[in-house]
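The values are calculated or read from the model by the stated rules, or taken from the named source; none is laboratory data. Being a predicted model, the structure only gives us computed values, none of them experimental. Quick reminder, even Gly has a Cβ in these numbers, built from the backbone with ideal geometry, and neighbours come from all protein chains shown. Keep in mind that these areas ignore ligands, DNA and RNA; they rest on the heavy atoms of the full protein, side chains included. Shrake-Rupley method; radii C 1.70, N 1.55, O 1.52, S 1.80 Å.
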Amino acid sequence: MSSTSESLPAPATSGGTHDAKVIVLVGAAHFVSHFHGMLLPPIFGPVREAFGVSYIEIGAALTAYNIVSAALQTPAGFLVDRIGPRLLLTGGLLLSAVALLVAALLPGYTLFVVAYAFLGLANTVYHPADYAILAAAINAKRIGKAFSIHNFTGYLGFGVAPTVVLASAALWGWQGAFLVAAVLAIAAALLLIVAGSILPRAARPPAASQTKTRSSSAPAGAAKPSSAPSAAKSSVGLDLLLSGPILRNLLFFTCIGMANGGVQTFSVVALGVLWGTPAASANIALSGFLLMSAVGVLVGGIIADRTPHHERVAAVGFAFTAAMAIMLGWVNMPTAILIFVMSLGGLLNGMIQPSRDMMVRAVTPVGSFGKVFGFVTTGFNLGGMVSPLLFGWLMDRGEPRMIFAIVTVFIVLALVTAITRPKPQGNLAWMR
């Protein structure tokens, strides 16, 4: 067993109360991170008008956010595995609060984009830290449900964001919405500081203490364990991240990121231009999609614990989500039908998420959860780098239907990636 796994709480022996506390703390941070991800889209109009810029220019703020996240999330995963997830998670929350305060209080479009870049830096810690904590501290019998609740808190953050952001902007302007988001980050950071003692602090013991312990226990005449074999080093380094199964999951997350960029970020304005859907109605439909996604991940967590066929769950969910995207682009639906269709699509989209995480976990060695989840979830940011510029350009050109066409293409690509994945051979990596 690696030194990493030796220094973390043993999942197999953790109790239900301990697991619940861990999930609440991690879930609070995940809620805030997703709330921040949906902060800008509901108020695209007021922010764009305040700075006098185009859709593609306001989308550049989201691109800056995702470029920084994509570039630094994998290094953040290595840091999580080395110095521990709790410290980085708390620091990420505090940094996000500072970035949002700068965006709200300092004038100018350039500073707004720079602030979003720092928000992207804060975002790098969430996924690697969250998954490292859950993988290390949650009983293996409950890990599927833990992943589902973790995803639920994220989608709950997505789902409540449009309503909270619009209400805050109505009362205090778009800057007020940013200040509310900053307060949420500070509150979550304080929760981790006050109650986070049950979370793993360090991912591995100091090298000196390891060497001392191993040397003292070695029999006389035995070779000194001065360094790990090169194969062991590479198994938790770049060779692991560049292996076929991990790269396949990176592609999978990138496709999801591109699809989400269309539905979550541009569906409201695209429906308004394409069908004349009022912004209020489109935002309700989007909230239905996001809130029912949160419900879906709870259902998906139960399914993930009861079946090894996670790719089949993903296939069903993606098929229905693709059908939803096609209907949005080619069918002019009454408001009630639109809300129903997007809510149903959200439910089935949410069911995918725990199975998605279990597929990654199945090919991840013990002690590498931070770096692997940090690397593969960079796919979200790769999609997020491209989608705001691409979809903003399409909106500026008056081509809203193409947004839903491209969303459909990437959903289908994600489906193909999931259903054609090779099964892990022998025992799952994370069980060894």
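Taking all protein chains as they are arranged and a probe of 1.4 Å, the heavy atoms of W393 leave approximately 120 Å² accessible to solvent.
Taking the highest mean first, how do the peptides 247-254, 162-169 order by number of other beta carbon atoms within 10 angstrom per residue?
On the way: 247-254: 20.9, 162-169: 19.1.
Listed from highest to lowest mean packing, they are 247-254, 162-169.
P(r) tail for the stretch 1-152: Cα pairs beyond 22 Å make up 46% of the total. Taking θ as phi - 60° and the Karplus parameters 6.51, -1.76 and 1.60, the scalar couplings of the stretch 369-375 work out to 5, x, 5, 5, 5, x, 6 Hz in sequence order, x denoting glycine and proline.
If you take the Cα centroid of the stretch 317-337 and the Cα centroid of the stretch 349-423, the two points sit 19 Å apart.
Convex hull over the Cα atoms of the stretch 297-432, averaged projected area in nm²?
Taking a quarter of the hull surface, the average projection is 9.4 nm².
Over the C-alpha trace of the stretch 253-334, radius of gyration and Dmax come out as 14.5, 44 angstrom. Taking the protein heavy atoms of the stretch 143-187 in the context of the full set of protein chains, the accessible area attributed to carbon and sulfur is 80 percent at 1.4 Å. Amide H contacts of N139: S14, each under 5 Å away and 5 or more positions distant or on a separate chain (H built 1.01 Å from N in the peptide plane; Pro and chain starts excluded).
Over the stretch 75-144, with the other protein chains present, what is the accessible area per residue in square angstrom, probe 1.4 angstrom?
About 33 Å² of surface per residue is accessible.
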